[in-house]
Structure formats: structure tokens, C-alpha cells
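The values are calculated or read from the model by the stated rules, or taken from the named source; none is laboratory data. On a predicted model such as this, the values are computed, not experimentally measured, just so you know. Note that each Cβ is placed from the backbone with ideal geometry, even for glycine, and that neighbours are counted across all protein chains shown.
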Amino acid sequence: MANIRSFKELRVWQHAIVSAMKIFEISKGFPREEKFSLTDQIRRSSRSVAANITEAWRKRRYPAAFVSKLNDAESEAAETQTWIEIAFRCGYLTKEQAKDLDMQYEAVLSQLVVMISQKEKWTIPAKTTR
């Protein structure tokens, strides 16, 4: 970890935000009848990825809580991929849009897996008292 002071400096958070905003913009074109189902679900899960990364960052003093929130982010990213696939199969996304979004979430997922597997690089070590 290169002296990162804010979750906003994390590449994984930045990628999650950009991806969530792309989904927001694209989903504006989804049919009106999907407003309270697919549109709501894909927006919620995509936004939750970045939100869980933010929560994990604030829990770095507690390695188990840090990993738990990153696991939540990982689950939300995978859920978002499923909604992307459903939107594609319903004809709401082009093949290129679906592929691009899926690849973006694969990148986020791989970054999360690295952070989880190397949690000691990201968490704040407990101070020992003498």
C-alpha cells in the first residue's frame, strides 16, 4: 500500500465508481416497466460495490471486518455481472456494452481478491503495549 490516505485513492474504488456510473447512464435507456425491477437491482448492486469498499477501508483496524466488507463488495460485483447478463439477454444492452461492463467488473473482482488475499498490506496493525 503506497501511503493511501483515502478510499477515494484506491484504484479498485475508482474503477467501481466509474462502472457504477456507466451502468447508471446505460440503464436510463431500459424500458419503463423495468424501473422497479432490473433497473433498480443493477443500479443498487453496482453502487454497493463502491460503498462496501469504502466501508472496508474504514474498518482496516479490524482485519476480519475489513475482509468481510471486501467479500460483500465481491458478492455485489458478481451480482452486478448477473444483472448485466440478464439485461443483455433481454435486449437492453448490446453485446459490446455487456462485454465491456462484464470486463470492468472482472477487473474490480480481481483487485478485490488480491486485497483480500493480501489483507496484511491493507490493514492497520494492532499496536502492542509494553
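Things worth noting here:
- Of the set (1) part of a helix (DSSP H, G or I); (2) of a type outside the set (Asp, Glu); (3) on the phi > 0 side of the Ramachandran plot, all apply to Gly91 but (1).
- Within region 38-66, considering residues that are of a type in the set (D, E, K, R) and in contact (Cβ under 8 Å) with a residue 40 or more places away in the chain, the one farthest from Ser117 (Cα to Cα): Arg58
- Options Ala78, Ala73; residue that is buried (at least 17 other Cβ atoms within 10 Å of the Cβ), at pLDDT 95 or above and among the aliphatic types (A, V, I, L, M): Ala73
- Being modelled with pLDDT of 95 or more, part of a helix (DSSP H, G or I), hydrophobic (A, V, I, L, M, F, W, C) and under 20 Å from Cys90 (Cβ atoms) holds for only one residue in Phe30, Phe24, Phe36, and it is Phe24.
- For region 1-21, filtered to residues that are surrounded by 14 or more Cβ atoms within 10 Å (Cβ to Cβ), part of a helix (DSSP H, G or I) and not β-branched (Val, Ile, Thr), the residue that is modelled with the lowest pLDDT is Phe7.
- Look at (1) surrounded by fewer than 18 Cβ atoms within 10 Å (Cβ to Cβ); (2) over 20 Å from Ile4 (Cα atoms); (3) basic (Lys, Arg) and you find that Arg61 fails only one, number (2).
- Summed over region 112-128, the residues that are crowded, with 20+ Cβ neighbours inside 10 Å and at pLDDT 95 or above give a count of 2.
- A single member of Lys35, Lys69, Lys127 is free of Cβ contacts under 8 Å to residues at least 60 places away in the same chain and over 28 Å from Ile4 (Cα atoms), and it is Lys35.
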